Amino acid sequence: MLLWVGRQKDGIAAASITASGYAVQEVVCSRKAQAILGKDRFDAIVLDMSASHDAGLQDLRRLVQQGYPLNVIAVNGDHCIEKAVQTVKAGAC
């Protein structure tokens, strides 16, 4: 199961993942993600950083600091290499 963290405007990404055979649970922020990470088992976290890169980095750092043994996959429609490097350095795959 994947945990999708962030607001989707149209839900297309999660729907595509679900159509590929994966279960997806969605929450709007990392604080809500932290609340359920201890309750359910997830294979990975998908962090949607498209709303705000700075807020996404904060969410990513918060999740990494908690030490959950999961891969965090960050997604963003931005083509900025600098932001991508910051995101990987903060702990995303």
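For the chain, what % of the accessible area comes from carbon and sulfur atoms, probe 1.4 Å?
The value for the chain is 51 percent carbon and sulfur by accessible area.
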Return the equivalent ellipsoid semi-axes of the chain as a descending list in whole Å, where each equals the square root of 5 times an eigenvalue of the C-alpha gyration tensor.
19, 17, 11
Residue-level accessible surface for ILE12, protein heavy atoms, 1.4 Å, Å²
100
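Could you tell me the relative contact order of segment 1-70? Use alpha-carbon pairs under 8 Å, at least six residues apart, and round to a whole percent.
On the way: 81 pairs, mean separation 27.5, N = 70.
It comes to 39 percent, rounded to a whole number.
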Net charge, LEU2 excluded, C-beta distance under 13 Å - Lys, Arg +1, Asp, Glu -1:
-3
Charge tally in the Cβ shell below 14 Å around LEU63, where Lys, Arg are +1 and Asp, Glu are -1, LEU63 excluded
+2
Based on the Cβ-Cβ distance of CYS80 and CYS29, what FRET efficiency does E = 1/(1 + (r/R0)^6) give at R0 = 25 Å, to the nearest 0.05?
0.65
Given a 1.4 angstrom probe, what's the average accessible area per residue across the chain, in square angstrom?
62
Build a GNM of the chain with springs between Cα atoms under 10 Å: which of LEU57, LEU70, LEU47 gets the top mean-square fluctuation?
LEU70
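The values are calculated or read from the model by the stated rules, or taken from the named source; none is laboratory data. Owing to the predicted nature of the structure, the values given are computational and were not obtained by experimental measurement. Cβ sites come from the backbone with ideal geometry, for glycine too, and all protein chains shown count toward neighbours. Ligands, DNA and RNA are excluded from the accessible area calculation, which covers all protein heavy atoms including side chains. Shrake-Rupley method; radii C 1.70, N 1.55, O 1.52, S 1.80 Å.
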